[in-house]
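To start, the structure itself, in structure tokens.
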Amino acid sequence: MFRYIVQRGALALAVALVVSFATFMLLNFATDPASAIAGEDATPEVVERIRLAYGLDRPVLVRYFDWLGGVAQGDFGESYYWNKAVSQLVLERAPVTIALALSSLLVTILIAIPLGAVAALNPNSWADRFALTFAVSAQAMPNFWLGLLLIILFGVMVPILPISGDSTWQHFVLPALVLGASSVPAVMRLTRTGLIEVMESDYIRTARSKGYRGFALLRRHAMRNALLPVVSVLAVQLGNKLGGSVIIETVFAINGLGRLALQSILGSDIPTVQMLIFIFAITFVVMNLLADLLNAALDPRIRIG
């Protein structure tokens, strides 16, 4: 197990480094950092002075390795747009994104797993068809459209929930519903498929002969084995939500990492964008590793050497 963790950790680091290198090159070739700092109305003389002051006249490879060395020492650089340390920006915004990701994952669990269980207990019934229809509809519905729809419904027509900001838990209700709904189809279908397969097992027939039926049968015997792949998918979905909340945070004006990324892109803030993409890449790879480890820990048939 330790060897496997080390190997996957090295792979995660390699992926993050490749992403950071590609991002650094694309950002520096897509725009002139000195011009971005100076602003649109700056004269060529001012741009050149800024280029020399920030060391932007050096080769791009040299600047990349300087940035990478700073990251290794905990120095994420200075934001051109916000005029503060990137590490400070990340620490200020990260708790909001983490809260949104966890609350949306809770929404996914509370909707998808019960819906999948009902569908599995009643295959080919109206309940099963409703669950599948709901899953297909949720998957086809764009996040921004659903967010705007909920804003109109619960913020304008029936104003019972706040539609922007992140100061109270009520501000996270609508964003969590929207972000969580995007993961419901995959988790619901996986729960349904897993339960249908498990319900045909010999030990389930034995449990039925002992008088277990319905949700008692699920809770006592079927759910544990059926949810093994679901746990892995939930871990991956959490990584997606931590790094993929740009649209939701923008629609609901939530000051998290996703909105910070969009604002930094619009402001040509290369150090901030570079660091955020690096963090998102690390998060996604680490959550995939966690999914594999959870699957191995919960399923005794899996052995990792």
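Between Thr133 and Leu262, the distance separating the two model label sites (each 7 Å from Cα on the Cα→Cβ line) works out to 3.3 nm.
Give the accessible surface of the chain per residue, rounded to a whole number of Å², with probe radius 1.4 Å and ligands, DNA and RNA excluded.
On the way: 16050 Å² over 305 residues.
Here the residues of the chain average 53 Å² of exposed surface.
Using a 1.4 Å probe over the heavy atoms of the protein chains, calculate the carbon and sulfur portion of the accessible area of the range 89-170 as a whole percent.
Numbers: 3560 of 4680 Å².
Here it works out to 76 percent.
With the contact rule set at Cα under 8 Å and sequence spacing of 6 or more, what percent relative contact order holds for the range 1-120?
Numbers: 37 pairs, mean separation 15.4, N = 120.
Averaging sequence separation for qualifying contacts and normalising by length gives 13 percent for the range 1-120.
Shown in residue order for the range 148-156 are the 3J(HN,Hα) couplings computed by the Karplus curve 6.51 cos²θ - 1.76 cosθ + 1.60 at θ = phi - 60°: 5, 5, 5, 4, 5, 6, 9, x, 10 Hz (x for Gly and Pro). For Glu78, the residues 5 or more places off, or on other chains, whose built amide H falls under 5 Å of its own are Val86. A simple charge model with +1 on the Cβ of Lys and Arg, -1 on the Cβ of Asp and Glu and nothing else charged puts the dipole of the range 1-57 at about 660 debye relative to its Cα centre.
Between Asn240, Asn288, Asn83, the Gaussian network model of the chain with springs among Cα atoms under 10 angstrom shows the greatest mean-square fluctuation at Asn83.
The values are calculated or read from the model by the stated rules, or taken from the named source; none is laboratory data. Just so you know, these numbers come straight off a predicted model, no measurement behind them. Because the Cβ atoms are built from the backbone with ideal geometry, glycine has one as well, and the counts that use them run over all protein chains shown. Note: accessible area is taken over every heavy atom of the protein model, side chains too, but ligands, DNA and RNA are not part of it. Shrake-Rupley method; radii C 1.70, N 1.55, O 1.52, S 1.80 Å.
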